[in-house]
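K.L.:
My questions all concern the structure below.
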Amino acid sequence: MLTDAAPRDRDREGFLASDRIKALALPHDARLPAIAKSIESAMRSGKSKDVRRACAEFLAATSEFYKVPDCGIRVLAARPLRVRERWTTEFFGDYTPSTMLIRVWMRTAVRKEITSFGTFLSTLCHEFCHHLDLQKFGFRDSWHTRGFYERAAALYHHARGTPPKKLFWVPMTGGRWRIDWPRTNRSALR
């Protein structure tokens, strides 16, 4: 995962503010982990309408906790795959601010198999954090900053019921950062 490069225009201040907000308040009850388990169960059934219903419940609960407007959810089949001469990309999910709609894909792009629950839940939390950036924090845009990834990871680990990992970052060219996964995963084992 790479961060976006910091904008040089009037959005720079919002970008830097997003980068500084590393923590996210989390509910003290077990409601989100319970709903996440229902998403996992619905995924095993392979029925997108059941997965959508469970995701809508998850989003309603998170929206209520963070006191933001509800956002919609569409659960789609196989991920779109974009192939170029030297690279391939898959879309896991997206968020459209103008309609407050999250779209997540529940099947892999090539084999059309149900995606792993961890990947799916991580994508759902990631897209919801875009919604939070605009509706709670009041940013004009929702950038992929270190702070954004930290907030999305906190929500994911809470919902999954797993211990949070400290993310370690490595600077890249152009003012971007990437997660150092080997170091992050080693520190989680301690």
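K.L.:
Which loop trypsin sites (Lys or Arg not before Pro) in the stretch 30-64, with loop taken from DSSP, have no more than 14 other Cβ atoms within 10 angstrom of their Cβ?
P.N.:
Passing sites in the stretch 30-64 are Lys47.
K.L.:
Taking chymotrypsin sites (Phe, Trp or Tyr not before Pro) as candidate sites, keep only those in a DSSP loop with at most 15 other Cβ atoms within 10 Å, then name the longest stretch of the chain containing none of them.
P.N.:
Within the chain, the longest run free of exposed chymotrypsin sites (Phe, Trp or Tyr not before Pro) spans 1-86.
K.L.:
Output the DSSP H helices from the chain with an along-axis C-alpha extent of no less than 18 Å and a mean Kyte-Doolittle hydropathy no less than -1.0.
P.N.:
Span-like helices in the chain: 31-45, 48-66, 117-135, 146-160.
K.L.:
Please return the longest range in the chain lying between exposed loop sites, taking GluC sites (Glu not before Pro), DSSP loop only, at most 16 other beta-carbon atoms within 10 Å, and leaving the sites out.
P.N.:
Free of exposed loop sites, the longest segment is 1-84.
K.L.:
Which entry is the computed log10 I(q)/I(0) by the Debye sum over Cα atoms at q = 0.11, 0.15, 0.16, 0.17 Å⁻¹ for this structure: [x] -0.83, -1.03, -1.05, -1.07; [y] -0.51, -0.98, -1.11, -1.25; [z] -0.60, -0.96, -1.04, -1.12?
P.N.:
[y]
K.L.:
Extending each Cα 7 Å along its Cβ direction at Asp9 and Asp29, get the distance between those two points in nm, one decimal.
P.N.:
Taking the two extended label points, one gets 4.3 nm.
K.L.:
Name the residue, out of His130, His28, His157, whose mean-square fluctuation peaks in a Gaussian network model built on the chain with Cα pairs under 10 Å.
P.N.:
His28
K.L.:
How many nm is it between the label spots at Asp94 and Arg44, if each spot is 7 Å from the Cα in line with the beta carbon?
P.N.:
Rounded to a tenth, the inter-label distance reads 3.3 nm.
K.L.:
What's the lysine pair count for the stretch 29-164 at a Cα cut-off below 28 Å, pairs eight or more apart or interchain?
P.N.:
Counting lysine pairs in the stretch 29-164 gives 9.
K.L.:
Extension gain Ile21-Asp141, at 0.36 nm per residue separation less the Cα-Cα distance, in nm?
P.N.:
So the chain would gain 41.7 nm between Ile21 and Asp141.
K.L.:
Once label points are set 7 Å from the Cα along Cα→Cβ at both Arg178 and His157, what is their separation, rounded to one decimal in nm?
P.N.:
2.2 nm
Rule-based calculations on the coordinates, nothing more; no lab input. Bear in mind the structure is a predicted one, so any value in this text is a computation, not a measurement. As a convention, Cβ positions derive from the backbone with ideal geometry for all residues, glycine included, and neighbour counts pool all protein chains shown.
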